[in-house]
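Student: A single structure is presented below for examination.
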């Protein structure tokens, strides 16, 4: 059984790891108003969401993801 994807509506950039690089997740995120900044893998899914991801991916923006992760990691510890 495939679990339901719960992606709230919003707008702006959605930073994520390669595990979020699935056709189902990308299509859901774009339909909810996000622009995915997810690093492509060697085996990428095809479809509308992957096409938008390829157009919007920027290596410099992806590197900024680690700053946010470090901040929230410090809060949880």
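Student: Which numbered condition trips up residue 20, out of (1) modelled with pLDDT under 85; (2) farther than 19 Å from residue 4 by Cα; (3) under 8 Å from the mean Cα position of the chain (by Cα)?
Tutor: With (1) modelled with pLDDT under 85; (2) farther than 19 Å from residue 4 by Cα; (3) under 8 Å from the mean Cα position of the chain (by Cα) applied to residue 20, the lone miss is (2).
Student: Something else about it: Checking residue 27 against (1) part of a helix (DSSP H, G or I); (2) touching a helix residue (DSSP H, G or I) at 6+ places or on another chain (Cβ under 9 Å); (3) exposed (fewer than 13 other Cβ atoms within 10 Å of the Cβ): exactly one of these is not met. Which one?
Tutor: Result: residue 27 passes all but (3).
Student: Got at least one residue in region 37-53 being surrounded by 15 or more Cβ atoms within 10 Å (Cβ to Cβ), assigned to a strand (DSSP E or B) and either without any contact (Cβ under 8 Å) to a residue 60 or more places away in the chain or in contact with a strand residue (DSSP E or B) (Cβ under 9 Å, 6 or more places away or on another chain) (or both)?
Tutor: Yes: one or more hits.
Student: Here's a follow-up. Take residue 14 and decide whether it is in contact with a helix residue (DSSP H, G or I) (Cβ under 7 Å, 6 or more places away or on another chain), surrounded by 10 or more Cβ atoms within 10 Å (Cβ to Cβ) and touching a residue at least 24 places away in the same chain (Cβ under 8 Å).
Tutor: yes
The values are calculated or read from the model by the stated rules, or taken from the named source; none is laboratory data. This one's a predicted model, so the numbers in the text were calculated from it and none came from an experiment. So basically every Cβ, Gly included, is an ideal-geometry build from the backbone, and we count neighbours across all protein chains shown.
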